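In what follows, a structure is listed as structure tokens, so that the remarks can point back to it.
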Amino acid sequence: MNEVARKPIGRFVPLLVFAALVVFFVIGLLWNQSHDARFVPSPLIDKPAPEFRLPRLENPTQFVTKADLLGKPYLLNVFASWCFACGDEHPVLMAYRDKFGVSLIGYDYKDAPQDARAWLDRHGNPYHEVIADQSGETAINFGVYGAPETYLIDAKGIIRYKHIGPLTPDVIAKELEPKIRALAQEGST
Amino acid sequence: MKRLLLAVLIALALALSAAAFAIDPLPFKDNVQRDRFQHLTRELRCMVCQDESLLASNADFAKQLRRQIFDMMQQGKSDKEIKDWLVARYSTFILYDPPLAPSTIALWFGTPAILLAGGIVVVVLLRRRTRPAGAIAEDPGDDW
């Protein structure tokens, strides 16, 4: 008796299993659309930035070290003249350079210095300082694997935030500026 | 039969060619070190071209990291030390073999759990079918 009563429901089991699969597929599709698998979270967040000693782009006989930049928070923007997305990001940096409230340091990545200089001459130079890593060896320690990438480094030299891919007004407003404001508050207390 | 064999051979040849790797003139001490290098870099992801290993990729990024790994091997670093060094910079994402961690529990145990659940369903269904003959006779239209 009991079995007979249960059977009609049992018939819907395959349908339910199929529906569950469809739900999983839809979740997977939506997740893929909202997450870019190229953007891997950095393990260096809240860890000290690596030591570096790199020549200035404008004057390669002068070197800039991590210690030179300590004392004030700054943004480190990895770019290159060969990097297509950096061209998209460039106008944004030009517009925001004086609005960030922290200095913007350019990190010229695996680039011929003359190419980088020509690129900045042509498009304008948004950076307060540009350092050049021609070999890309220092960039390995920063975990750089593509340009553009942007790091927010605090006064003590700790990496507080990293963005992979071009900065957009949206990313700046939603992610970067709150982080910079939080740093400013830490600094004043 | 001959045709099948041919198809299998072609599939095999294609699979093997896909496993070919980028070649740098790295001066290995001996074949043991070269094999170790190839084994290690095959397990590491090229972050730029994520579906390729560091061994297989021709990206500039992969070339540079191959050189770096080669140098670390010359310094006598173990595979684990080299992997830790890479993970500290690029996160565990660089490992093709994911470590067991809170964030990977679903990955490690999800499939066995689903398999187990499916097995339980099958067992329950089979048990129901092996009921006394009378029960089955009462049960027409059970066609799945």
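The values are calculated or read from the model by the stated rules, or taken from the named source; none is laboratory data. Predicted, not measured: the structure shown is a model, and the values here were computed from it. Cβ coordinates were reconstructed from backbone atoms using ideal geometry, including for glycine residues, and neighbour counts include every protein chain displayed.
Would you point out the residue of segment B:57-98, among those that are outside any helix (DSSP H, G or I) and among the hydroxyl-bearing types (S, T, Y), that is nearest to the other protein chains (Cβ to nearest Cβ)?
Out of the qualifying residues, it is B:S91.
Checking the structure you have, find out if any residue of segment A:81-100 is in contact with a Phe, Trp or Tyr (Cβ under 9 Å, 6 or more places away or on another chain) and in a strand (DSSP E or B).
No; the residues of segment A:81-100 include none that is in contact with a Phe, Trp or Tyr (Cβ under 9 Å, 6 or more places away or on another chain) and in a strand (DSSP E or B).
Just to check your reading of the model, which residue among A:L57, A:L44 is surrounded by 16 or more Cβ atoms within 10 Å (Cβ to Cβ), out of contact with any Cys (no Cβ under 6 Å at 6 or more places or on another chain), in the same structural domain as A:A155 (by TED's automatic domain parsing) and touching a residue at least 12 places away in the same chain (Cβ under 8 Å)?
From the options A:L57, A:L44, the qualifying one is A:L57.
Out of A:E149, A:E137, A:E175, report the one residue that is within 26 Å of B:I82 (Cα to Cα) and either free of Cβ contacts under 8 Å to residues at least 24 places away in the same chain or small (G, A, S) (or both).
Sole residue among the options that is within 26 Å of B:I82 (Cα to Cα) and either free of Cβ contacts under 8 Å to residues at least 24 places away in the same chain or small (G, A, S) (or both): A:E137.
Considering each of B:D51, B:D24, B:D84, B:D30 in turn, give the residue that is at pLDDT below 90, closer than 19 Å to A:V144 by Cα and exposed (fewer than 15 other Cβ atoms within 10 Å of the Cβ).
The unique qualifying residue is B:D51.
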